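Q: Submitted below is the structure of interest, expressed as structure tokens.
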Amino acid sequence: MNTEIKKVDSQGRIVLPRNWRDKELKEGDEVIIMEEEGILKIIAKKKVDLTQFFDKLEFDDNLVDKLEN
């Protein structure tokens, strides 16, 4: 974990470290900001490929037996 002290400008902005942006924001320029008591978490918003779930059905053998009855 890398720790840095950053200044917040008069409009509440900070600059995200370039190496983090280069590594984590390859797919876009949006982040998720999660607020907890006294803590802000900044997470890169990732695109999810939902096509991996298309035409896919998983079930166990018990379901087949139940459907046959």
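Values quoted throughout were computed directly from the atomic coordinates according to the rules given, and no laboratory measurement underlies them. If you're wondering where the values come from, they're calculated on a predicted model, not measured in any experiment. Please note: Cβ atoms are built from the backbone with ideal geometry, for glycine as well, and neighbour counts cover all protein chains shown.
Q: In nm², what is the average projected area of the convex hull enclosing the Cα atoms of the chain?
A: Details: hull surface 37.8 nm².
Mean projected area of the Cα convex hull: 9.5 nm².
Q: Sort the following peptides by mean Cβ neighbour count (other Cβ atoms within 10 Å, averaged over residues), highest first: 34-46, 52-64. It would help to have the intermediate numbers written out before the result.
A: Details: 34-46: 9.6, 52-64: 7.3.
Ranked from most to least packed, the peptides come out as 34-46, 52-64.
Q: Once the Cβ-Cβ distance between residue 1 and residue 37 is put in as r, and R0 is 25 Å, what FRET efficiency do you end up with, to the nearest 0.05? The partial results should precede the final answer.
A: Values: r = 20 Å, r/R0 = 0.81.
About 0.80, to the nearest 0.05.
Q: Measure up 26/47; 7/47; 6/47; 6/46; 23/46 against 19 Å on the Cα-Cα distance and list the ones that go over. Mind showing how you got there, number by number?
A: Numbers: 26/47 10 Å; 7/47 30 Å; 6/47 28 Å; 6/46 25 Å; 23/46 12 Å.
Listed pairs above 19 Å: 7/47; 6/47; 6/46.
Q: Let me ask something else. Mind listing the long-range amide H neighbours of residue 44? Cut-off is under 5 Å, sequence gap 5 or more, other chains count too, H placed in the peptide plane at 1.01 Å from N.
A: Amide H neighbours of residue 44: 32.
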